[in-house]
Amino acid sequence: MQKSEKERVVAELTERLQGTETLIVADYRGLTVTQIAELRGKLYEHGARFSVVKNSLTKRAAESAGVEPLLALLEGPTAIAFLESDGDPVAVAKALDEAVRTESITLKGGLLEGAEIGADDLKQLAKLPPAEMLRAQLVGAVAGPVTAIVGLFAAPMRELVGVIDARIRQLEEEGETAVAPTEEEPKAEAVPAAEEPATEETPAEEAAGEAEPEQPEEAQPQPEQESQEGEEQ
């Protein structure tokens, strides 16, 4: 390959690396030319461009693009799946995982939204539901709030400001009503607190009054016993 051709390839790879945040690196040594073409077609359907690259040129492009985590993956026969902005990383991972099961390629790792991922992470990614199903679940979970938000922003700016002002006034009124009960609560608690000592002392006084006449009653039998002893003598 001539120098000019190498420079063109490096420039193209640099542009691709700068334009994507998700890519998957694989060792393609088990694939034939026909299989590579078939896999390239499958990945293209999911928004990824599958390219066989030369490690030396890709290293230069990675250094130029500032994608240093890619350098450690450039060993052996290398092919890279570059995801476009509208690509489906889950579907791409599934397609590559199917190729791995046929023992035709080996996944090395890659980048997912700019974050470095390994081969095990790619296997977990391949087990996720399709992106369409994930989007449907997400939309179903927040359909109500999203509809309300869209309605607000679809309204004219003057109406939106009016809605915000009304909401602020409502929150202020709710805050005033929430403060009032807290001031009255100590007054309501002070009444029973003053009455409780009186209710506790009354039974104690009554019990003390009832206990006093019992002492002379216990002392009365003693004279009767002495008189009975005198009669017997």
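Structure notes:
- Restricting attention to segment 5-30, the residues being of a type in the set (A, V, I, L, M, F, W, C), surrounded by 15 or more Cβ atoms within 10 Å (Cβ to Cβ) and out of contact with any strand residue (DSSP E or B) (no Cβ under 8 Å at 6 or more places or on another chain) number 2.
- Residues satisfying the stated conditions in segment 1-33, i.e. of a type in the set (Ser, Thr, Tyr) and in contact (Cβ under 8 Å) with a residue 12 or more places away in the chain: 14, 20, 22, 28
- Residue, modelled with the lowest pLDDT, within segment 102-133, restricted to residues that are in a loop (DSSP other than H, G, I, E, B) and under 21 Å from the mean Cα position of the chain (by Cα): 130
- Of the candidates 68, 98, 75, 45, the single residue that is closer than 14 Å to residue 17 by Cα and acidic (Asp, Glu) is 68.
- Count of residues meeting criterion [surrounded by fewer than 16 Cβ atoms within 10 Å (Cβ to Cβ) and under 21 Å from residue 38 (Cβ atoms)] in segment 107-132: 1
- For segment 75-83, the condition holds for no residue, the condition being that it is out of contact with any helix residue (DSSP H, G or I) (no Cβ under 8 Å at 6 or more places or on another chain), modelled with pLDDT under 95 and outside any loop (DSSP other than H, G, I, E, B).
- Qualifying residue in segment 77-96 (condition: of a type in the set (D, E, K, R) and within 20 Å of residue 120 (Cα to Cα)): yes
- Remark: pairs (first residue in segment 34-48, within 15 Å of residue 87 (Cα to Cα); second residue among the acidic types (Asp, Glu) and surrounded by fewer than 18 Cβ atoms within 10 Å (Cβ to Cβ); Cβ separation under 6 Å; 6+ apart in sequence or on different chains) = 47/84; 47/86.
- Total residues in segment 22-73, condition of a type in the set (S, T, N, Q) and in a helix (DSSP H, G or I): 6
The values are calculated or read from the model by the stated rules, or taken from the named source; none is laboratory data. Quick caveat, the model's predicted, so the values are computed rather than measured. Ideal geometry is used to build each Cβ from the backbone, glycine not excepted, and the neighbour counts take in all protein chains shown.
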